[in-house]
Every structure is written in structure tokens, then in C-alpha cells.
1. Is there any pair linking a residue in region 101-119 that is charged (D, E, K, R) to one that is in a helix (DSSP H, G or I) and away from the ligand (no atom under 16 Å from the Cβ), with Cβ under 7 Å and at least six apart or on different chains, and which?
2. Among what's in region 216-272 and is in a helix (DSSP H, G or I), crowded, with 20+ Cβ neighbours inside 10 Å and among the hydrophobic types (A, V, I, L, M, F, W, C), pick the residue that is nearest to the chain's Cα centre (by Cα).
3. Only one residue in Leu119, Leu99, Leu112 is under 30 Å from Ile191 (Cα atoms) and surrounded by fewer than 18 Cβ atoms within 10 Å (Cβ to Cβ), so which one is that?
4. Say we look at region 47-87 and pick out the residues that are farther than 20 Å from Ile101 by Cβ and small (Gly, Ala, Ser); which of these is surrounded by the fewest Cβ atoms within 10 Å (Cβ to Cβ)?
5. Can you confirm whether Ile87 is more than 16 Å from the ligand (Cβ to nearest atom), in contact with a helix residue (DSSP H, G or I) (Cβ under 9 Å, 6 or more places away or on another chain) and farther than 30 Å from Asn182 by Cα?
6. Test Glu26 against the criterion of being among the acidic types (Asp, Glu), modelled with pLDDT of 95 or more and either assigned by TED's automatic domain parsing to the domain that holds Cys137 or within 25 Å of Ile254 (Cβ to Cβ) (or both), and give yes or no.
7. In region 90-111, is there at least one residue being away from the ligand (no atom under 16 Å from the Cβ) and more than 17 Å from the chain's Cα centre (by Cα)?
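The values are calculated or read from the model by the stated rules, or taken from the named source; none is laboratory data. Owing to the predicted nature of the structure, the values given are computational and were not obtained by experimental measurement. Cβ atoms come from the backbone with ideal geometry, glycine included; neighbour counts cover every protein chain shown.
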Amino acid sequence: MIDIDSFIDKQLHCWTLAADNYRNLETVRQREIDADGAHFVLQFNPSRIRSTAAKISTADITKRPCFLCQHNRPQEQITIDWHSYDILVNPFPIFKKHLTIVSKTHENQTVLNYIDDMLRLAAEMPQMAIFFNGAKCGASAPDHRHFQAGNIDAWPLFDDFQRNSNLISSQNGLSIYETTGNFRKVYRIDIDNVNSADFVRAEILNLLEKYSRDESMFNLITTYISGIYSIYVIIRKAFRPTQYSAEGDAQILISPASAEVGGILITPREEDFLKISSSDIKNIFSQVCF
Ligand SMILES: [Zn+2]
């Protein structure tokens with residue numbers, strides 16, 4: 001297993017920017033909201049504005065140096081060398097433990113050929129949920145393949161799913177569940193053996209086909225608990241809701257990615273943090289999820 005705690009401690013001792021941002025996270029304002037039986041935690045986090053408001057058009061991406069490539073990283077940033085990945089501390093955290101797991105090669109953000117890596121990472125750090133944002137729904141570096149990880153106890157989705165889901169199929173040592181009701185469709189694929197990664201890939205492809213999407217338009221969140229790998233699959237209808245680009249009072253700056261579909265809503269602006277209601281959340285998720 002990878003010793004995440006020592007790694008994060010070591011990094012925060014030698015990088016003031018990251019240490020300040022983790023310290024600020026301890027006192028970040030949070031607010032809880034329920035929407036159709038789903039539980040959300042709003043987090044007022046101004047340091048995330050660069051991510052929420054990230055310009056992700058191809059033109060914008062090609063103009064900037066890639067911040068995940070080794071030669072462009074801050075010199076304070078240390079790494080854990082893990083197979084073909086560098087594990088990094090995310091210096092702009094939304095989780096009290098927040099990692100970015102970056103391919104050593106600069107290549108486009110995809111996951112279907114790397115499901116086994118995601119499962120192995122989950123088993124290497126069972127205190128974390130490993131997540132993937134598709135290139136068109138939350139990845140702030142769609143040109144550089146990466147996963148992220150956030151401590152497993154922060155995600156409201158996992159308990160919600162337990163309460164509001166049904167088993168829809170079970171074969172080949174693989175079980176598939178789906179949420180009941182019409183709010184934020186989430187699937188979960190459970191396996192007990194990393195060698196079943198090919199079956200997981202096939203099931204994800206079935207789901208993408210069902211919703212006419214490709215792998216740029218989903219979020220995956222993987223946990224490893226008591227020997228079971230659980231892969232949550234959230235196929236996306238759209239990336240950002242209309243509120244994102246609305247003007248004046250109608251604007252809400254929320255840019256849904258894995259954390260948001262997992263129940264953690266990051267609001268970099270205080271006005272959004274204060275005003276968002278349960279019906280806004282229902283409206284936003286009806287636009288971005290199926
Ligand atoms: Zn890169």
C-alpha cells in the first residue's frame with residue numbers, strides 16, 4: 001500500500017502554497033442541502049476559481065504550457081513514482097487528502113484502456129476514492145491523462161447510493177446496480193478481482209452506447225472496500241449547466257465534475273455558496289446528468 005499520509009505531510013512541509021491551501025481547507029465554509037433524497041455538501045472555496053472557470057477549448061489548451069508535464073511543474077512538487085504514473089499532491093485541494101495521479105507521458109485524457117490501473121490504485125490507497133473526469137466533463141487538463149484521488153469519507157454519493165439503488169444484473173463475478181428515481185442516474189459495477197477489468201470495460205462501453213456518449217463524457221469514481229472494487233459510472237448529458245454562462249443574478253458558477261456528481265459542490269464565489277437552493281441543484285443535475 002502507498003503511504004499517502006506521510007507523502008502529503010512531506011509535501012506540505014516543503015511547499016508553502018500547498019500548505020496554505022490545505023490549512024485554509026480546514027476552515028472552509030460548508031453547507032448541506034438535500035435534493036430529491038440526495039445529499040450534497042456545498043463548499044465555498046475561492047482558490048478553486050481557476051479550475052471552475054478553466055477554459056477548456058482546444059485553442060485555449062494548446063496556448064498554455066501543460067501544468068501536469070514533469071518539466072512544467074513547480075520545483076517544490078515532489079512525486080511518488082508508481083508504474084507509469086507520478087503521484088502528486090494537488091496544491092488546490094477540495095479534499096483534505098487530494099492527489100493527482102499523472103501519466104508520465106503527455107497524452108490525451110482517456111481511461112478505457114487503463115481501467116486496471118484505476119482499480120490497482122484504489123487497492124493501493126483504500127482510504128481514497130480514485131476518480132476520472134472525462135476530457136469534456138471536468139478534466140482541467142484534457143490533453144494530459146490523469147486520475148485524481150480524494151479521501152473516501154468525504155463523498156455523500158456513497159451512502160446515498162446504498163439507500164437508493166437496485167441490483168440490475170449479476171454474472172461473471174460482476175454485479176451492476178443503478179440508482180432508482182429520476183435524479184442523477186448513477187451506475188455501480190462491483191467486482192472482487194482486478195483481473196475482471198475487461199468485463200468492467202465492456203459494461204462501461206455498453207452504458208456509453210446506451211446513452212450515445214464516448215469516454216470524454218463521463219465521470220468514474222472507484223473505491224476499494226473489504227476486497228470489493230466498486231466503480232461508479234456517471235454518464236453526462238452535458239458538461240456545464242446554463243446557469244454557468246447566465247448573467248447577473250441568474251448566474252451560478254458551478255462546473256460539475258466527479259466531485260460534484262459525488263455530492264460535493266464547489267462554489268468559488270460566495271454569492272453562489274449563499275444562494276444555491278435545492279431546486280437549483282435539481283435543475284442543474286437535470287441538465288448535466290441523465
Ligand atoms: Zn502534459
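1. Asp116/Val194; Asp116/Ala197
2. Step one: list which residues in region 216-272 are in a helix (DSSP H, G or I), which gives 242-245, 248-250, 258-261, 270-272.
Still in the list and also crowded, with 20+ Cβ neighbours inside 10 Å: 258-261, 272.
Pick out the ones that are also among the hydrophobic types (A, V, I, L, M, F, W, C) and you get 259, 261.
On the way: Ala259: 5, Val261: 8 Å.
For region 216-272, the residue satisfying everything is Ala259.
3. Working: Leu119 fails: surrounded by fewer than 18 Cβ atoms within 10 Å (Cβ to Cβ); Leu99 fails: surrounded by fewer than 18 Cβ atoms within 10 Å (Cβ to Cβ).
Result of the check over Leu119, Leu99, Leu112: Leu112.
4. Ala59
5. Answer is no for this residue.
6. Values: among the acidic types (Asp, Glu): yes; modelled with pLDDT of 95 or more: no; either assigned by TED's automatic domain parsing to the domain that holds Cys137 or within 25 Å of Ile254 (Cβ to Cβ) (or both): yes.
It is false that Glu26 is among the acidic types (Asp, Glu), modelled with pLDDT of 95 or more and either assigned by TED's automatic domain parsing to the domain that holds Cys137 or within 25 Å of Ile254 (Cβ to Cβ) (or both).
7. no
Per-residue answers, yes or no, for (1) modelled with pLDDT of 95 or more; (2) among the charged types (D, E, K, R); (3) touching a Cys at 6+ places or on another chain (Cβ under 8 Å); (4) closer than 16 Å to Asp160 by Cα:
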residue	(1), (2), (3), (4)
Tyr187	yes, no, no, yes
Ala202	yes, no, no, no
Leu207	yes, no, no, no
Asp214	yes, yes, no, no
Ser226	yes, no, no, no
Gly263	yes, no, no, yes
Phe273	yes, no, no, no
